[in-house]
Amino acid sequence: MTISQGATIMPGGGISRRPLHFIVMADCSGSMAGEKMQALNFAIAEMLPNLVAWEQEQEKAQILFRAVAFADTPRWHIEEPVPVAQLRWKPLHHVERGRTNMGPAFRMVAEALAPDRLERRALQPALLLVTDGLPTDPPGQFGAGLSALLALPAGRAAVRLAVAIGRDADSEALNRFIGDPQVPVLVADSTDEIADRLATASIALSRMSEVGVDRDALATQLLRAAPPKSPPSAVDDSIV
Amino acid sequence: MTAAFPERGDTVRMVRGGAAVGVGSRIAEGGQGVVFRGMLVNGSPVAVKWYRPLPHVAQLRAAIAGLVARPRPHPAFAWPLDLVESDRVTGFGYVMPLLAPRFRPLAQVIGATDPLPFRTAASIGRRIADAFANLHAAGLCYRDISLGNLLVDPDTGEIAIVDNDNVGTDGSAVFVKGTLRFMAPEVLRDEVPPSTVSDLHSLAVILFFLLVHGHPLEGQRTEASYGWGEDGHVSETRLALQHFGLSPLFVFDSSDSSNAPVPGDLRLIWWPIYPRFLRDLFTRTFTVGLADASLGGRVTEGVWRRAMTRLQDSVATCPCGASVFWDADEPGRACWHCHAVPPAPPLLEVNRQIVVLSPGAVVSGAHLRRDRDWDTAVARVEPHPTQPGQLVLHNLTTESWTVEPPGEESRQVAPGQRLRVRPLLIDFGGVRAAIRDG
Amino acid sequence: MDWHLFTASIQGTAHRAAALPNQDAVGSRGDPAQAGGAPLAVAVADGHGDPRHFRSGRGSQLAVDVACELGCEVLAGMGGAAGPDPVRAQLAQRLLPGIVHGWRAAVAEDLDHRPFSAEELRHRHPGDDAVVAYGTTLLLAVFIGRWLAVAQIGDGDMLLVEAGGRVAVPVPPDPSLHGRFTTSLCQDDALAHFRVGALDLDQAPAEVLLLATDGFGNAQATEPWQPGVGADLLAFVRDRGIDWMGEQLPSWAARCASAEGSGDDTTLALLVRSAPPLRP
């Protein structure tokens, strides 16, 4: 049974949502050239509909998307926050012989999360770091950049995830960025796993951004292939 | 080595009957598991939800088995039909009816720039209240309801309720999923486990979102608490406890306007449009009802159901073209759009109910028999095909009506025929009604 | 003891903009592999940028050369010293006066070969001694036996990272140094402004030693920066390897010398031990 109304005038619809800033920091170093960069661009484009679907299922958050491309230096690939539903992904390109300096990228994101730049009513941001290698930061610079980010309440409160392309890229540095021992780095062992890792990351980031959620339990559910093994029961060696 | 999830092309097995279910493509992925399209042997489409390896998997399985053993409380529920297992895949899942694509997330529908027509919104509200009522009558309560579990067909007003994994009989702790903003204050404060009464708070919040386009407890006071400066920042969890648990304040509390919506907020436009009888219900549940967690303090499903019906029956059209409400208790209300007072519309009185006769109004079986048969349309009001400004009542049944216009002979309105709306008596196959001027 | 030595010296963008050459210098003498326990001396020096010190680039090079040569010569016999005091005494009483005197002599010889031009003289302040034009800082480290002898005048940084992770600055700080003011080898009382140190490498097993002109420290955003830099240097030894560090060193200096860093000439001398400390 369809309820018809005819064309009558109604007040404007909508709900007021709070901004959820989702920022991707993408490694554009020289080693990303070719297949890896292509796969990453595809994976990001594929990840966006996941975020749109999640946004539509709930009434609280509006996802605003930005991206930083970093090699020797960082630059904004998408500088002004774009509502994720309106975003058309423009591909990233690698930097010829570009290095993997992460500290400056963290600092650049920190600038965007400073109290005078971030809306007061914004929800805690979501940060996703994607890299295919170890940071090449000069001594002290990775830490300095990360400290700049974590010095801000919005940086500390941000949900941070990392995707490593290639097991070699899964480093202590990424764990420092994530800052939560319960949350593992997502590793794409091969190029064709990149899309799946990013999809998992986007789901995890959106779920973990929900208020009051048990982030550690969620991390266990979403980001680990299997639940952590319980420790082996103590061996009774009083019996010989 | 067994896999964690089934894949497209796999077959899983229903635990009770042993019947096979074919697994199709992935539909959705969430914190607890992955949902796939599926098909039964007889060709019926279903959905299969397969759980991730979770710590409390045995309890979860027992809980789902408990739901499977019961009939679904209301047609709106995408209720577990059976548990499913597989030799090839670890863990388990359950199979449930597949929702047609016409069902959209309620949050998306409310958030759209083109709003639902009033009648559709009221119909959705009634069905939500109905679903809650049936759930409680079956001895169950929600442990976590939010807009995320609710889908609607914006054309028909039908609803679907998904993610029923968390429905239960006991009132155990709920901080697993974290949709705190729908939880009752006493549950947030961890004083009592969720119950029927706390569900009534959640129901009222959902209806407020549906009709007024925002949260009933988030206004200027809550806005002022947000900030990312070094000194000002309070965590969201702490704020939720504060705003929804410790000191909640209704945005339209008449004695304390400190939490009113910020200027320009949509709720300021929507709220005054509704008739007082509806606003009074929201006011009661979000003032007295915040602290008084009882059937006396909070509005019950039955009351909401009748209110939604009355709301749906109050929809009128102003000559300026705007959709408005006309309620017998407040006959002189001005139109929200043109600010003129619209002329009183023709009314149908049947069974002590009043239905405003405006284009699109529907008389249903429920009007005639005061049962729950809202889905059977008896009559629909339409514009007169040849006389502009006139209305007709279209007979949608298979029986004739007998009408008695004053000063004229009684006549029949055959099935499919249209009756020009004017003051007269109608006999709807044994139920007597009257059209009169407002 | 087997050390690896890497050096890098990059002109600062500010200097390039002002058409000033790189006025830093770095040098060493002795074999890092230290077969036979011969001394190893490493030095960096930062020529002052002010136009008054118009030959400071030459002054810093002379300082490094003199310091390394004398460092090896004067401390050659200190390998067997029983405690730090004899080492410090040798430093203060014999090496430093030797360096100051030797540097002034080298400056005089340089001036003989190349007197000041009219253009240069325009920048000279009235009453300035000739050595002022060659003004420079100096950081010197000498490895001899189990001892590490260090001396520093002026700004710049020395950083020692022990195998256990402890990060230390081997020379005492000079409270008079801050901001743009620096003490200098060209001062009349230069000897009084030197700071010295002597470390027993058996007690404090060093794994990394970094000498840097102030372009490096000024390019660090965190304060204090030494713990983070030291921790990273040690981690690099373990995770990336010594060769990688040597390859990266020029880029580290380049970052500091760039506009992104301090824009100043930046010179680094990095010593990394390649094997665990040996018992004598």
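The values are calculated or read from the model by the stated rules, or taken from the named source; none is laboratory data. These numbers come from a predicted model, not from an experiment. Glycine gets a Cβ as well: all are built from the backbone with ideal geometry, and neighbour counts include every protein chain shown.
Do the conditions hold for residue A:53, that is, is it small (Gly, Ala, Ser) and within 14 Å of chain B (Cβ to nearest Cβ)?
For residue A:53, the condition - small (Gly, Ala, Ser) and within 14 Å of chain B (Cβ to nearest Cβ) - is met.
With the structure loaded, tell me whether residue A:43 is buried (at least 21 other Cβ atoms within 10 Å of the Cβ), of a type outside the set (Val, Ile, Thr), more than 13 Å from every other protein chain (Cβ to nearest Cβ) and out of contact with any Lys or Arg (no Cβ under 9 Å at 6 or more places or on another chain) or whether it fails that test.
Taking the combined requirement at face value, the residue does not satisfy it.
So which of B:46, B:23 ends up being in contact with an Asp or Glu (Cβ under 6 Å, 6 or more places away or on another chain), free of Cβ contacts under 8 Å to residues at least 60 places away in the same chain and buried (at least 16 other Cβ atoms within 10 Å of the Cβ)?
When all the criteria are applied, what remains is B:23.
Regarding residue A:35, is this residue crowded, with 19+ Cβ neighbours inside 10 Å and either over 21 Å from the mean Cα position of the chain (by Cα) or facing chain B (nearest Cβ under 7 Å) (or both)?
no
Are there strands (runs of 3 or more DSSP E) fully within the stretch B:3-72 with at least 1 residues that are within 14 Å of another protein chain (Cβ to nearest Cβ)? List them.
It comes to B:20-29, B:33-40, B:45-51.
Restricting attention to the stretch A:100-121, does a residue exist that is in contact with a helix residue (DSSP H, G or I) (Cβ under 8 Å, 6 or more places away or on another chain) and in a strand (DSSP E or B)?
No: the stretch A:100-121 contains no residue that is in contact with a helix residue (DSSP H, G or I) (Cβ under 8 Å, 6 or more places away or on another chain) and in a strand (DSSP E or B).
hydroxyl-bearing (Ser, Thr, Tyr) and touching a residue at least 12 places away in the same chain (Cβ under 8 Å): does that describe residue B:410?
Answer is no for this residue.
Out of all the residues in the stretch A:68-83, is one or more out of contact with any Ser or Thr (no Cβ under 6 Å at 6 or more places or on another chain), in a helix (DSSP H, G or I) and within 30 Å of residue B:271 (Cα to Cα)?
No - not one qualifying residue is present in the stretch A:68-83.
How many residues are in contact with a Phe, Trp or Tyr (Cβ under 9 Å, 6 or more places away or on another chain), over 22 Å from residue B:339 (Cα atoms) and within 12 Å of another protein chain (Cβ to nearest Cβ) when one looks only at the stretch B:252-274?
Going through the stretch B:252-274 one residue at a time, the tally reaches 1.
Restricted to the stretch C:118-165, and to residues that are modelled with pLDDT under 95 and among the aromatic types (Phe, Trp, Tyr), which residue is surrounded by the most Cβ atoms within 10 Å (Cβ to Cβ)?
Among residues in the stretch C:118-165 that are modelled with pLDDT under 95 and among the aromatic types (Phe, Trp, Tyr), the one surrounded by the most Cβ atoms within 10 Å (Cβ to Cβ) is C:143.
For the condition within 22 Å of residue B:156 (Cα to Cα) and either crowded, with 17+ Cβ neighbours inside 10 Å or touching a residue at least 12 places away in the same chain (Cβ under 8 Å) (or both), what is the one hit in B:381, B:403?
Testing whether each residue is within 22 Å of residue B:156 (Cα to Cα) and either crowded, with 17+ Cβ neighbours inside 10 Å or touching a residue at least 12 places away in the same chain (Cβ under 8 Å) (or both) leaves just B:381.
If you check residue B:129 against the conditions, is it in contact with a Lys or Arg (Cβ under 7 Å, 6 or more places away or on another chain), modelled with pLDDT of 95 or more and away from chain A (no Cβ under 14 Å)?
So residue B:129 fits the description; yes.
Can you tell me which residue among B:215, B:201 is out of contact with any His (no Cβ under 8 Å at 6 or more places or on another chain), surrounded by 19 or more Cβ atoms within 10 Å (Cβ to Cβ) and free of Cβ contacts under 8 Å to residues at least 40 places away in the same chain?
It is B:215.
Please list, ordered by first then second residue, the pairs with beta carbon atoms under 6 Å, 6 or more apart or interchain, first in the stretch B:223-245 and more than 7 Å from chain A (Cβ to nearest Cβ) and touching a residue at least 12 places away in the same chain (Cβ under 8 Å), second assigned to a loop (DSSP other than H, G, I, E, B) and of a type in the set (Lys, Arg).
B:245/B:189
Given the structure, is residue B:209 buried (at least 21 other Cβ atoms within 10 Å of the Cβ), within 29 Å of residue A:119 (Cα to Cα), in contact with an Asp or Glu (Cβ under 7 Å, 6 or more places away or on another chain) and in contact (Cβ under 8 Å) with a residue 40 or more places away in the chain?
Taking the combined requirement at face value, the residue satisfies it.
Just one of (1) within 14 Å of chain C (Cβ to nearest Cβ); (2) touching a residue at least 60 places away in the same chain (Cβ under 8 Å); (3) out of contact with any Ser or Thr (no Cβ under 7 Å at 6 or more places or on another chain) trips up residue A:100, so point out which.
Result: residue A:100 fails condition (3) only.
Please determine whether any residue of the stretch C:88-97 is under 18 Å from residue C:171 (Cβ atoms), among the aliphatic types (A, V, I, L, M) and buried (at least 24 other Cβ atoms within 10 Å of the Cβ).
Looking through the stretch C:88-97, at least one residue is under 18 Å from residue C:171 (Cβ atoms), among the aliphatic types (A, V, I, L, M) and buried (at least 24 other Cβ atoms within 10 Å of the Cβ).
Would the stretch B:160-175 turn up any residue that is at pLDDT 90 or above and closer than 23 Å to residue B:273 by Cβ?
Checking the stretch B:160-175: not a single residue is at pLDDT 90 or above and closer than 23 Å to residue B:273 by Cβ.
Looking only at the stretch C:1-20, which residues are touching a strand residue (DSSP E or B) at 6+ places or on another chain (Cβ under 9 Å), in a loop (DSSP other than H, G, I, E, B) and surrounded by fewer than 21 Cβ atoms within 10 Å (Cβ to Cβ)?
Those that are touching a strand residue (DSSP E or B) at 6+ places or on another chain (Cβ under 9 Å), in a loop (DSSP other than H, G, I, E, B) and surrounded by fewer than 21 Cβ atoms within 10 Å (Cβ to Cβ): C:1, C:2, C:11.
All but one of (1) under 20 Å from the mean Cα position of the chain (by Cα); (2) in a helix (DSSP H, G or I); (3) under 26 Å from residue C:157 (Cβ atoms) hold for residue C:101; which doesn't?
Unmet condition: (3).
Quickly run through the stretch B:343-390 and pick out the residues that are within 14 Å of chain A (Cβ to nearest Cβ), hydrophobic (A, V, I, L, M, F, W, C) and out of contact with any Leu (no Cβ under 9 Å at 6 or more places or on another chain).
B:366, B:374, listed by residue number.
In the stretch C:40-83, which residue that is crowded, with 24+ Cβ neighbours inside 10 Å and of a type in the set (D, E, K, R) is farthest from residue C:185 (Cα to Cα)?
C:55
I'm trying to understand the selection: among the residues of the stretch A:106-141, which are within 17 Å of the chain's Cα centre (by Cα), within 13 Å of chain C (Cβ to nearest Cβ) and surrounded by 20 or more Cβ atoms within 10 Å (Cβ to Cβ)?
A:106, A:108, A:110
Which number in (1) under 13 Å from the mean Cα position of the chain (by Cα); (2) over 30 Å from residue A:14 (Cβ atoms) marks the one condition that residue B:110 misses?
Of everything listed in (1) under 13 Å from the mean Cα position of the chain (by Cα); (2) over 30 Å from residue A:14 (Cβ atoms), residue B:110 misses just condition (2).
Within the group B:340, B:291, B:334, which residue is more than 14 Å from every other protein chain (Cβ to nearest Cβ), surrounded by fewer than 15 Cβ atoms within 10 Å (Cβ to Cβ) and over 16 Å from residue B:275 (Cβ atoms)?
So the residue among B:340, B:291, B:334 that is more than 14 Å from every other protein chain (Cβ to nearest Cβ), surrounded by fewer than 15 Cβ atoms within 10 Å (Cβ to Cβ) and over 16 Å from residue B:275 (Cβ atoms) is B:291.
Out of all the residues in the stretch A:13-23, is one or more away from chain B (no Cβ under 13 Å) and crowded, with 21+ Cβ neighbours inside 10 Å?
There is at least one residue in the stretch A:13-23 that is away from chain B (no Cβ under 13 Å) and crowded, with 21+ Cβ neighbours inside 10 Å.
What's the total number of residues in the stretch C:208-224 that are farther than 25 Å from residue C:56 by Cβ and at pLDDT below 95?
Number satisfying all stated conditions: 4.
Answer with yes or no whether residue B:378 is within 16 Å of residue B:310 (Cα to Cα) and not acidic (Asp, Glu).
Here the answer is no, as residue B:378 does not meet what is asked.
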